[in-house]
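Participant: The structure follows.
Laboratory data are not the source of any read-out in this text; all were calculated from the coordinates shown. Small disclaimer: the values here were computed from a predicted structure and weren't measured. Quick reminder, even Gly has a Cβ in these numbers, built from the backbone with ideal geometry, and neighbours come from all protein chains shown.
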Amino acid sequence: MSERTETLTMEQSLPDERLDLYLHSRFPAVSRGYLQRLIVQGQILVDGKTVKPNHHPRIREVITVHWPEAASLEVAAEDIPLQIVFEDEDLLVLNKPIGLVVHPAAGNEEHTLVNALLHHCAGQLSGIAGVARPGIVHRLDKDTSGVMIVAKNDTAHLGLTAQFAKREIVKLYNAILCGELPRLSGDIRASIARHVNHRKRMAVTDDDARGREAWTSYRVLERLRDATLVEARLHTGRTHQIRVHFQYLGYPLAGDETYAKRQTQRLAELTGYTAPRQMLHARSIEFVHPRSDAVLRFEAPWPEDFLNAVRSLRKPS
């Protein structure tokens, strides 16, 4: 990706906020560590001068962000079939299948969504985080299916991440919960942090220093046998948010081996149905196209195992 420059003019002073944290809120797809390096290297200037990452932005200051040319991503492109829902020169929307990991990581260096996108995009990649790669602006867990947006260039990446940061993107999920959720609708506002004892798990916390604000709203779609089909809207995007929030309510997701192993076993004993994975599907997403300003909405139909779960647990008419 070629070099580019972004200019921001402060509309108010932020005496309690560091420059690196402020920029991370404006560019959430870019890590705070990478922004700190750009500040130290003089790639980010305030009124044309170098500053430290802990500089407190002041009203009318002009912040110039120089994004260096992106380095190549050392991940192999793979010809993996993708279920493309929509695509243009700026972005694509896909229906992520169950079992597909989004990012390469230890133990999953190959056969990920990023490997597939490197092949599909063939050079049309975002480099806003310092590495030329498909613009993954939000994620789904390996065993969560459904609709995702991918940015193909920096303009789309910046525009979409700004909408996520401002909570302007509408994301709706369908989930099957263990147990009969008593309320027809509600809001779950409970901060989430890394679990203090299990580092691969998240948990609700009342420790303001550790937790991050999290907000999920929901409504019941259908009462099943010893289970509940719900629609959930994410207003924030914390790791495992829907899974943790419904566990917090006492009605975790069927099939969730991390947060609902005991409840899933109990559901199987009561109904004869055993969920093959966490029953969570990203059903729809609505956003503003970062170039045309058109409002777009896309849906992904239930995969076969989710449909089978609803049929198996549906009450006799």
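Participant: Listed here are the pairs 52/171; 96/200; 142/166; which of them are more than 31 Å apart at the Cα?
Facilitator: 52/171
Participant: Treating the beta-carbon of each Lys and Arg as +1 and of each Asp and Glu as -1, no other charges, what is the dipole magnitude of the chain about its Cα centre, to the nearest 20 debye?
Facilitator: For this selection, approximately 1080 debye.
Participant: Let me ask another. Place a label point 7 angstrom from the Cα of residue 9 along the Cα-to-Cβ direction, then list the residues of region 279-294 whose backbone nitrogen is under 13 Å away.
Facilitator: none
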